[in-house]
1. For region 1-18, what are the residues that are out of contact with any helix residue (DSSP H, G or I) (no Cβ under 6 Å at 6 or more places or on another chain), assigned to a strand (DSSP E or B) and surrounded by fewer than 19 Cβ atoms within 10 Å (Cβ to Cβ)?
2. Please work out if LEU243 is assigned to a loop (DSSP other than H, G, I, E, B) and modelled with pLDDT of 95 or more.
3. Would you check which residues across region 8-56 are closer than 27 Å to GLU70 by Cβ and touching a residue at least 60 places away in the same chain (Cβ under 8 Å) and list them?
4. If LEU120 passes every condition in (1) surrounded by fewer than 24 Cβ atoms within 10 Å (Cβ to Cβ); (2) closer than 30 Å to SER198 by Cβ; (3) assigned by TED's automatic domain parsing to the domain that holds ILE183 but one, which one does it miss?
5. Pick from THR236, THR223: which is at pLDDT 95 or above and within 19 Å of LEU273 (Cα to Cα)?
6. Go through region 69-97 and count every residue that is among the aliphatic types (A, V, I, L, M), without any contact (Cβ under 8 Å) to a residue 40 or more places away in the chain and surrounded by 20 or more Cβ atoms within 10 Å (Cβ to Cβ).
7. Quick check: is even one residue across region 39-49 under 20 Å from MET242 (Cβ atoms) and either in contact with a Gly (Cβ under 6 Å, 6 or more places away or on another chain) or modelled with pLDDT of 95 or more (or both)?
Amino acid sequence: MIKAGVVGWPIEQSKSPIIHNYWLDKYNINGSYKKISLSPENFKLGIKRLMNDGYAGLNITVPHKEMALEISSNPTERAKKIGAANTLIFKKGKIYADNTDGIGFLNNLTQLAPDWKADLGPAVVLGAGGASRSIVYSLLNEGAPKVILTNRTYERAKKLSNIFGEKVLVINWENINKHISGINTLVNTTTLGMVGSSNLEIDLSTLSSNTLVTDIVYNPLKTPLLEDANRIGCKTVDGLGMLLHQAVPGFKGWFGVEPKVDSALRDRVLLEL
């Protein structure tokens, strides 16, 4: 049996087992995928034990993504640039690390908004956390001419922008509405709009119908931001697909099959939200 899993602290909230076990059943693979709780102080030793126990690899979630990159022997260039890893593959005693959040973000847009292209105009990214770093990297890598970045804590956004250079413009959170006219893409990477959180206060009235608005929040599936964007005729993409698509490379690396993200998988995960 091929073993894999997801490591975090806490880990109860993870939806990854739903995704991977769906694929294990669909492709009739003799494998397992489970949640594994590791505290930060036990992370390094815990990973070694899992390797010795025959695991093929792991997904890594908060708060371990930066540490996962540090312990890897063969990180991808994008993982190094982003500064964090969410996918580990174990081969012959070596740890191969990747960051697939950006892949998940882009492939979700490709699937649900096939006419969207990053290079058609500037993007605004709200938030400067780990997911934001992956998304900024992906947008620039796909040819976005400029990324306008903002965060409730200005200094955090500025620190992130220093990683990516002059194509990233940092603005004050209070000035969002002055910078969204004429943009190609609007991405919310904050928790604003999530169930239990306050709403994102933003005026979308100057957006054109060609602007794509996407939210990495997927509970609720249609956040207030997406509902507002729909009302003025923008293209919108929900955040669930990013979660599903980011899981594909790991599954392929561990189990040898490249799985498909289909409507049945979406429906299966939605049952658990």
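1. Residue satisfying the conditions is LYS3 alone.
2. For LEU243, the condition - assigned to a loop (DSSP other than H, G, I, E, B) and modelled with pLDDT of 95 or more - is not met.
3. Across region 8-56, the qualifying residues are LYS15, SER16, ILE19, HIS20, ALA56.
4. LEU120 satisfies every listed condition except (2).
5. THR223
6. Step one: of region 69-97, the residues among the aliphatic types (A, V, I, L, M) are 69, 71, 79, 82, 84-85, 88-89, 95, 97.
Subsequent filtering for residues that are without any contact (Cβ under 8 Å) to a residue 40 or more places away in the chain retains 69, 71, 79, 85, 97.
From what is left, the residues that are surrounded by 20 or more Cβ atoms within 10 Å (Cβ to Cβ) are 69, 79, 85, 97.
Final tally of qualifying residues: 4.
7. The answer is no; no qualifying residue exists.
Condition check ((1) closer than 25 Å to ASN108 by Cα; (2) touching a helix residue (DSSP H, G or I) at 6+ places or on another chain (Cβ under 9 Å)) across all residues:
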position	(1), (2)
VAL136	yes, yes
THR150	yes, yes
GLU155	no, no
LYS159	no, no
ILE183	yes, no
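The values are calculated or read from the model by the stated rules, or taken from the named source; none is laboratory data. What you are looking at is a predicted structure, and each value in this text was computed from that prediction instead of being measured. Positions of Cβ are backbone-derived with ideal geometry, glycine not excepted, and every protein chain shown enters the neighbour counts.
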